[in-house]
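Undergrad: For reference, the structure I am asking about is given below.
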Amino acid sequence: MPIGKKDVVLAGNTIAAMGDDFNLASSNLPVTVIDGSGYYLTPGFVDSLVHFIGGGGEGGFATRTPEMQLTDATLGGVTTAIGVLGTDATTRTLTNLLAKAHALESEGISTYCHTGSYEIPCRTLTGNITDDLILIDKFIGVGEIAISDHRSSQPTTDEIRKVAAAARVGGILAGKSGVVSVHMGAGERILQPLYQAVAGTELKLKQFYPTHMNRNRRVFEAALEFATKGGVIDFTTSTTEFDLKHGEVAAAAALAEALAFGITPMQLTLSSDGNASLPIYNDDGELLGLQVGSVQSLYQSARDAVLTHKVALSDAICSITAAPAAILGLKQKGRLGQNLDADLVLLRRDDLAVDTVIAKGKLLVQQSKALVKGTFER
Ligand code: ZN
């Protein structure tokens, strides 16, 4: 929620204080002052689903997408990102995903990962989902597991239950969300596998976090119903002209419509699906080429929701900050407040462009230019 004009003091990687009319500039402390007039200050953005190490490969080896780079995130205001495997858990591995998460963390942003894979039985590091969540700091949940998709492992109800149960126990014991990220395909069953998994058990719909829920109109309407029953839903912001022409509900429009339908902002999130493969087909269904999902589409969609679809700025920002942070159990992220992590974005008031990005107290982007680049970026 908007809290009006405030002074914000950062010390190290933490928000040390927020209040009115601090006068540190005239103190003897070695402070750097950033003038926020003409800007909106928001929490750093949280992207709940990124293929850090690339994904795809559905058109053969040459269609495996590349790794993301630091500025793919930071230039779009993303200061926290969650990495997952995708369709391919054979040549993409959890060890590689974890290594990339550590690399991005040391380059400047905060990263987490999900253990598991599209397929069930899930890939894990220790051989067990619960153990992975308890023993490996960066793992906060499991997935994306694929349902209602021709690329899924066609998991049975019992298999989905076992994954959720293992993630639940691991999450409780490690003080993490234990969320189950679910890749929603275009299949007829849509969310039926999740309703069946929950029925007759102690599992809760809220533990499941389905993504790509704007894939087409039918899936979107199923998403609204899921949210009405208390579930949380995620819309994917990376897209292509082909997808939009063939029934995808643009993430910005989906957010606007879901809010107008009465779904609360804390149940609605956007994620980029960054570095996923986005195949481009012609009208005959022939593969023309591939595009790569972009982390920067996350904020572009939130901005578009405000500018084109008249969503309140605070609701649009909630979908990429407070809502995903709460669902993922990231207590230090997604909000502005004393003792929370110093992840901040300044948006220009006139055009809502990302101007300044601070992650863990470090200035990474200023005047929309990257001050810090990834190790191998030029
Ligand atoms: Zn997916």
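Undergrad: I need the full set of residues from segment 176-194 which are closer than 13 Å to GLY141 by Cβ and away from the ligand (no atom under 16 Å from the Cβ), in order please.
TA: Result: LYS176, SER177, GLY178.
Undergrad: How many of the residues in segment 3-24 are of a type outside the set (D, E, K, R) and under 16 Å from SER37 (Cβ atoms)?
TA: Counting residues in segment 3-24 that are of a type outside the set (D, E, K, R) and under 16 Å from SER37 (Cβ atoms) gives 3.
Undergrad: Name, by its number, the condition in (1) in a loop (DSSP other than H, G, I, E, B); (2) under 30 Å from ASP158 (Cα atoms) that does not hold for MET68.
TA: (2)
Undergrad: Another question, if that's okay. Those residues that are away from the ligand (no atom under 14 Å from the Cβ) and at positive phi, I need them from segment 49-71; list them, please.
TA: Within segment 49-71, just GLY60 meets the criteria.
Undergrad: Which one of THR32, THR87, THR93, THR65 is farther than 24 Å from ARG378 by Cα, surrounded by 20 or more Cβ atoms within 10 Å (Cβ to Cβ), more than 14 Å from the chain's Cα centre (by Cα) and among the hydroxyl-bearing types (Ser, Thr, Tyr)?
TA: THR87
A quick yes/no check of all residues on (1) over 24 Å from ILE140 (Cβ atoms); (2) within 16 Å of the ligand (Cβ to nearest atom):
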{"residue": "LYS245", "(1), (2)": "yes, no"}
{"residue": "GLN267", "(1), (2)": "no, no"}
{"residue": "GLN291", "(1), (2)": "yes, yes"}
{"residue": "LYS310", "(1), (2)": "yes, no"}
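One line per residue, one yes/no per condition, for (1) in a helix (DSSP H, G or I); (2) under 16 Å from the mean Cα position of the chain (by Cα); (3) not aromatic (Phe, Trp, Tyr):
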| residue | (1), (2), (3) |
| --- | --- |
| LYS206 | yes, no, yes |
| TYR209 | no, yes, no |
| MET213 | no, yes, yes |
| ALA227 | yes, no, yes |
| PHE235 | no, yes, no |
| PHE242 | yes, no, no |
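Undergrad: While we're here: Inspect all residues belonging to segment 246-264 and state whether any of them is assigned by TED's automatic domain parsing to the domain that holds CYS318 and at pLDDT below 95.
TA: Yes: one or more hits.
Undergrad: So, one more: Which of the residues belonging to segment 191-208 are open to solvent by less than 10 Å² (accessible area, probe 1.4 Å) and closer than 23 Å to ALA323 by Cα?
TA: Hits for segment 191-208 are LEU191, LEU194, PHE208.
Undergrad: Could you list, in sequence order, the residues of segment 72-101 that are among the β-branched types (Val, Ile, Thr) and either more than 16 Å from the ligand (Cβ to nearest atom) or modelled with pLDDT under 95 (or both)?
TA: Those that are among the β-branched types (Val, Ile, Thr) and either more than 16 Å from the ligand (Cβ to nearest atom) or modelled with pLDDT under 95 (or both): THR74, VAL78, THR79, THR80, THR87, THR90, THR91, THR93, THR95.
Here's the yes/no breakdown for (1) among the hydrophobic types (A, V, I, L, M, F, W, C); (2) in a strand (DSSP E or B); (3) outside the structural domain of LEU347 (by TED's automatic domain parsing):
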| residue | (1), (2), (3) |
| --- | --- |
| MET1 | yes, no, yes |
| ALA16 | yes, yes, no |
| PHE22 | yes, no, no |
| ALA25 | yes, no, no |
| VAL33 | yes, no, no |
| SER37 | no, no, no |
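Undergrad: When residues of segment 102-153 are filtered for being within 16 Å of the ligand (Cβ to nearest atom), open to solvent by 60 Å² or more (accessible area, probe 1.4 Å) and free of Cβ contacts under 8 Å to residues at least 40 places away in the same chain, how many remain?
TA: Of the residues in that region, 2 qualify.
The values are calculated or read from the model by the stated rules, or taken from the named source; none is laboratory data. Model, not experiment: these values are computed from the prediction. Glycine also receives a Cβ, built like all others from the backbone with ideal geometry; neighbour counts cover every protein chain displayed. Just the protein is used for accessible areas: all its heavy atoms, side chains included, with ligands, DNA and RNA removed. Shrake-Rupley method; radii C 1.70, N 1.55, O 1.52, S 1.80 Å.
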